[in-house]
Amino acid sequence: MRRIISIANQKGGVGKTTTAINLSSALAELGKKVLLVDFDSQGNATRGLGFQVIEMPITIFDAITSQVDVNAAIKTTKIKNLDLIPANLKLASLETYIQSQGTLDRFRMLESCLNKIQGDYDFVIIDCPPSLGTLSINALVASSSVLIPVQCEYFAMEAVASILSTITKIQKDYNPSLKIEGFLLTMYESNASLCTEVAQQVRALFKENTFVTSIPRNISIPEASARGEAVTTYRPSARGSIAYFALAREVLDHVQKEN
Ligand SMILES: Nc1ncnc2c1ncn2[C@@H]1O[C@H](COP(=O)(O)OP(=O)(O)OP(=O)(O)O)[C@@H](O)[C@H]1O
Ligand SMILES: [Mg+2]
């Protein structure tokens, strides 16, 4: 059975896309069949895997609006076992599209689109945009679980509080089986006191829901993105790669414990 994981936090720049790319690539390298869905009009996950966003004729927008078959939107990537559904700026016009159509079930568009995928995936990872609007709601409605990257800095907890309240609403109104996969500490710096303070707060509040693995701040990560590669393939021995492999193993453990 496939597990659909949204990577979400409405706070910008906390490591959602980096986590979406590198968790996907690490799971793929560990032999799992993975589909990464870029669900942000910035198209950063698409770019981060080496694609030119402007040259993408078919994107997730075309698939969720049923203008093309979702299977035609799937691209294979340079990484074995990893496929991608790209996104670009077109996705920003979804609200306008929904209003022009009127009759759509506006929060179940992604769910019904993913239901039509024929590929045999173990994991579908959804990279959410930095907002809790229609796109993120669609992602959470379609997901089995949500992974929340938390950057250890000021206002991290405020962002966590609002995503938690969104999750509760979605569980109540649309998707009772939505679980929290875990909080993930990102860009962690053990020598920065604010960072360790926030990390302690997160671990104290969400004990068993916080991943044991934290992702260190590591220069190889932006270097890899700039080259359109996952860090796990660009520099497998980098601290960032090792951390994302450890995260992937924790996610696999969760799946095993549930079965
Ligand atoms: N562990 C890390 N070490 C160093 N740099 C990192 C790390 N994680 C992310 N970054 C860098 O921080 C920036 C923001 O990361 P990313 O794009 O993953 O965040 P995001 O939450 O997806 O942002 P947005 O909200 O805009 O979608 C990027 O330039 C990325 O390369
Ligand atoms: Mg992003």
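The numbers here are math on the coordinates, done by the rules we state, and not lab data. Owing to the predicted nature of the structure, the values given are computational and were not obtained by experimental measurement. FYI the Cβ positions are ideal-geometry reconstructions off the backbone, even for glycines, and counts take in every protein chain you see.
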Evaluation of ASN71 against (1) under 24 Å from LEU140 (Cβ atoms); (2) more than 13 Å from the chain's Cα centre (by Cα); (3) part of a loop (DSSP other than H, G, I, E, B) (one fails), failing number: (3)
Pairs, first in contact (Cβ under 8 Å) with a residue 24 or more places away in the chain and farther than 12 Å from ILE215 by Cβ in segment 146-161, second among the small types (Gly, Ala, Ser) and within 16 Å of ligand 2 (Cβ to nearest atom), C-beta under 6 Å, six or more apart: VAL146/SER6; VAL146/ALA8
Residue check for ASN115: buried (at least 22 other Cβ atoms within 10 Å of the Cβ), over 14 Å from the mean Cα position of the chain (by Cα) and free of Cβ contacts under 8 Å to residues at least 60 places away in the same chain: no
Matching residues, segment 125-137, being in contact (Cβ under 8 Å) with a residue 40 or more places away in the chain and within 16 Å of ligand 2 (Cβ to nearest atom): ILE125, ILE126, ASP127, CYS128, PRO129, PRO130, SER131, LEU132, LEU135, SER136
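Taking into account only those residues within segment 4-37 that are in a loop (DSSP other than H, G, I, E, B) and among the small types (Gly, Ala, Ser), which is farthest from ligand 1 (Cβ to nearest atom)?
Across segment 4-37, the extreme among qualifying residues is GLY31.
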Test: residue in segment 173-181 that is among the aliphatic types (A, V, I, L, M), surrounded by 19 or more Cβ atoms within 10 Å (Cβ to Cβ), within 19 Å of the chain's Cα centre (by Cα) and within 16 Å of ligand 2 (Cβ to nearest atom): no
First in segment 180-208 and more than 20 Å from GLU258 (Cα to Cα) and in a helix (DSSP H, G or I), second anywhere and hydrophobic (A, V, I, L, M, F, W, C) and within 16 Å of ligand 1 (Cβ to nearest atom), Cβ under 6 Å, 6 or more apart: CYS195/CYS152; VAL198/CYS152; VAL198/ALA156; ALA199/CYS152; ALA199/LEU185; VAL202/VAL150; VAL202/PHE183
Positions within segment 78-112 being surrounded by 15 or more Cβ atoms within 10 Å (Cβ to Cβ), part of a helix (DSSP H, G or I) and not small (Gly, Ala, Ser), in sequence order: LYS90, LEU91, LEU94, TYR97, ILE98, MET109, LEU110, GLU111
Filtered residues of segment 6-20 (kept if closer than 16 Å to ILE219 by Cβ and either under 9 Å from the mean Cα position of the chain (by Cα) or within 8 Å of ligand 2 (Cβ to nearest atom) (or both)): THR18
Residue check for ASP69: in contact (Cβ under 8 Å) with a residue 12 or more places away in the chain, surrounded by fewer than 19 Cβ atoms within 10 Å (Cβ to Cβ), within 23 Å of ILE5 (Cα to Cα) and not aromatic (Phe, Trp, Tyr): yes
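Residues checked against (1) of a type in the set (Gly, Ala, Ser); (2) within 10 Å of ligand 1 (Cβ to nearest atom); (3) surrounded by 15 or more Cβ atoms within 10 Å (Cβ to Cβ):
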residue	(1), (2), (3)
TYR188	no, yes, yes
ALA204	yes, no, no
SER225	yes, yes, yes
ARG235	no, no, yes
TYR244	no, yes, yes
VAL251	no, no, yes
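Would you check which residues across segment 229-259 are part of a helix (DSSP H, G or I) and of a type in the set (Lys, Arg) and list them?
Across segment 229-259, the qualifying residues are ARG239, ARG249, LYS257.
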